[in-house]
Amino acid sequence: MADNHDSLLREVEDEIRRERMEKLWQQYNGVIFAVAALIVLGVGGYKYLETRRMAAEQTAGANFAAAQNLSDDKKKTEAQEAFKKIADNGPAGFAALAKLQLAGAQVNAGKTSDAIATYESLAKDSGADNLLKSFAQLQAASLRLPDADYAEIQNRLTPLAADDAPFSQSARELLGIAAYRAKKYDEARKYLEPLLVDPNAPQGLQDRVKVVMGDIAAAEVANTAKAAAAQTTKPSTTGSAAEGKPADTDAKPKADASAGTDKKP
């Protein structure tokens with residue numbers, strides 16, 4: 001009897017659950033279908049976009065290789081046009097690489113202003129890799145170095161001179177050179193001297209820094225000698241006053257008066 005009672009209870013509980021499920025299904029079946037449809041559409045959309053992205057990457061890769069072949073064949077004009085097309089319309093990765101190629105060609109052609117503009121465009125590209133953006137900033141600052149004032153170079157390169165920045169050593173070298181050109185020798189030393197003792201600094205960079213440090217020392221010696229020479233040749237204030245003192249106009253009349261008193265009538 002106990003078993004029959006338990007079996008009956010289970011059947012009742014199952015029936016109650018079934019009725020509840022039916023009610024829930026009837027109440028929410030539209031929502032369930034909608035959610036399922038959204039999941040299917042989301043997966044399908046992602047697959048579609050991923051397929052398109054891969055196709056675009058493959059096309060851009062082929063176009064980039066073709067542009068490089070044009071450059072290797074010395075077809076400069078055609079190569080620049082091809083790289084510019086990729087830079088303007090290609091996927092972010094290939095567009096960034098195309099801008100680097102285009103800027104390098106512009107530098108070689110003497111189109112410094114165009115190269116700076118191309119590098120700055122890459123540096124501001126939110127979709128580009130941060131390493132490439134930092135490199136573009138460094139190159140733009142390097143091209144501006146001959147004409148820009150020290151404040152501009154500081155604004156361009158200070159963010160790149162941080163310890164964790166990828167091109168910090170090169171940025172500090174350029175900052176030191178800019179400070180030297182502005183005759184801010186203490187500032188120049190602040191950037192350059194640590195590079196001489198940095199074990200991770202390339203030998204070529206340290207050699208360049210040694211040359212600049214030698215120029216700084218020579219400039220300071222010349223300035224010291226010039227200042228000393230100017231101090232030596234400066235007229236003495238006391239001597240000048242003595243030499244320029246007018247004669248005593250009362251001296252002669254006093255002598256005449258003295259002679260007059262001694263003269264007998």
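Remarks
- Residues within segment 154-183 that are over 17 Å from G214 (Cβ atoms), assigned to a loop (DSSP other than H, G, I, E, B) and of a type outside the set (D, E), tallied: 5
- Some residue of segment 191-201 being among the charged types (D, E, K, R), more than 28 Å from D129 (Cβ to Cβ) and modelled with pLDDT under 95: no
- Among residues of segment 91-123, those that are in a loop (DSSP other than H, G, I, E, B) and either of a type in the set (A, V, I, L, M) or under 17 Å from L70 (Cβ atoms) (or both), counted: 1
- Residue count for segment 127-153 satisfying the condition of being of a type outside the set (F, W, Y) and either outside any loop (DSSP other than H, G, I, E, B) or under 9 Å from the mean Cα position of the chain (by Cα) (or both): 17.
- Filtered residue count, segment 184-218, keeping only those that are of a type outside the set (D, E, K, R), in a helix (DSSP H, G or I) and loosely packed, with under 14 Cβ neighbours inside 10 Å: 7
- Conditions (1) under 22 Å from A148 (Cα atoms); (2) over 23 Å from the mean Cα position of the chain (by Cα): number failed by A228: (1)
- Filtered residues of segment 62-90 (kept if small (G, A, S) and either outside any helix (DSSP H, G or I) or modelled with pLDDT under 75 (or both)): S71, G90
The values are calculated or read from the model by the stated rules, or taken from the named source; none is laboratory data. Every value quoted in this text rests on a predicted model; they were computed, and no experiment measured them. Neighbour counts are summed over all protein chains in view; Cβ atoms, including those assigned to glycine, are modelled from backbone coordinates with ideal geometry.
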